[in-house]
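Report on one structure; see the data block that follows.
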């Protein structure tokens with residue numbers, strides 16, 4: 001029979017795996033100087049509609065600024081029609097869904113907005129479009 005000491009040791013040994021999921025954030029871009037990095041939270045991708053009724057691809061993201069030692073959490077989205085056009089606006093919202101700012105992007109332009117939008121559109125193609133026609 002397992003005593004309290006063994007149970008505590010077992011729970012303590014397992015707690016990092018339970019409490020701190022490894023690689024929860026996937027790096028998608030950073031600036032040339034290495035002072036800022038952008039990440040997407042794994043499994044945060046969704047297809048929704050914005051207030052205008054446009055279909056959008058949404059992720060939760062974070063910006064790590066090493067220079068100021070700050071981490072900001074956002075929601076980023078791209079209209080799915082912009083994914084097809086390969087250009088448009090990357091929209092940044094706070095976690096409550098309130099508009100913060102927008103950035104222009106064109107695939108392969110090399111700027112941060114373009115790289116981030118390409119990552120979101122890749123998730124849209126991978127996770128949504130390939131399964132879209134499989135239902136009844």
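The residues in the stretch 60-88 that are without any contact (Cβ under 8 Å) to a residue 24 or more places away in the chain and crowded, with 18+ Cβ neighbours inside 10 Å can be counted, and the count is 1. When you scan the stretch 6-24, do you find a residue that is surrounded by 10 or more Cβ atoms within 10 Å (Cβ to Cβ) and modelled with pLDDT of 85 or more, even just one? Checking the stretch 6-24: at least one residue is surrounded by 10 or more Cβ atoms within 10 Å (Cβ to Cβ) and modelled with pLDDT of 85 or more. Out of the stretch 52-68, which residues are modelled with pLDDT of 95 or more and outside any strand (DSSP E or B)? Listed by number, the residues that qualify are 52, 53, 54. The set of residues from the stretch 89-125 being out of contact with any helix residue (DSSP H, G or I) (no Cβ under 6 Å at 6 or more places or on another chain), over 19 Å from residue 49 (Cβ atoms) and buried (at least 18 other Cβ atoms within 10 Å of the Cβ) comprises 112, 113, 114, 115, 116, 118, 119.
Which one is nearest to the chain's Cα centre (by Cα), of the residues in the stretch 29-57 that are buried (at least 17 other Cβ atoms within 10 Å of the Cβ) and under 18 Å from residue 70 (Cα atoms)? Please lay out each step first, then the result.
Residues of the stretch 29-57 buried (at least 17 other Cβ atoms within 10 Å of the Cβ): 29-30, 36-40, 45, 56-57.
The next check asks that each one be under 18 Å from residue 70 (Cα atoms); those that pass are 29-30, 36-40.
Working: 29: 11, 30: 14, 36: 15, 37: 12, 38: 9, 39: 6, 40: 3 Å.
Here the answer is 40.
Taking the stretch 76-114, which residues are modelled with pLDDT under 95 and in contact with a strand residue (DSSP E or B) (Cβ under 6 Å, 6 or more places away or on another chain)? Answer for the stretch 76-114, where residues must be modelled with pLDDT under 95 and in contact with a strand residue (DSSP E or B) (Cβ under 6 Å, 6 or more places away or on another chain): just 112.
The values are calculated or read from the model by the stated rules, or taken from the named source; none is laboratory data. Since we're looking at a predicted model, the values are computed, not measured. As a convention, Cβ positions derive from the backbone with ideal geometry for all residues, glycine included, and neighbour counts pool all protein chains shown.
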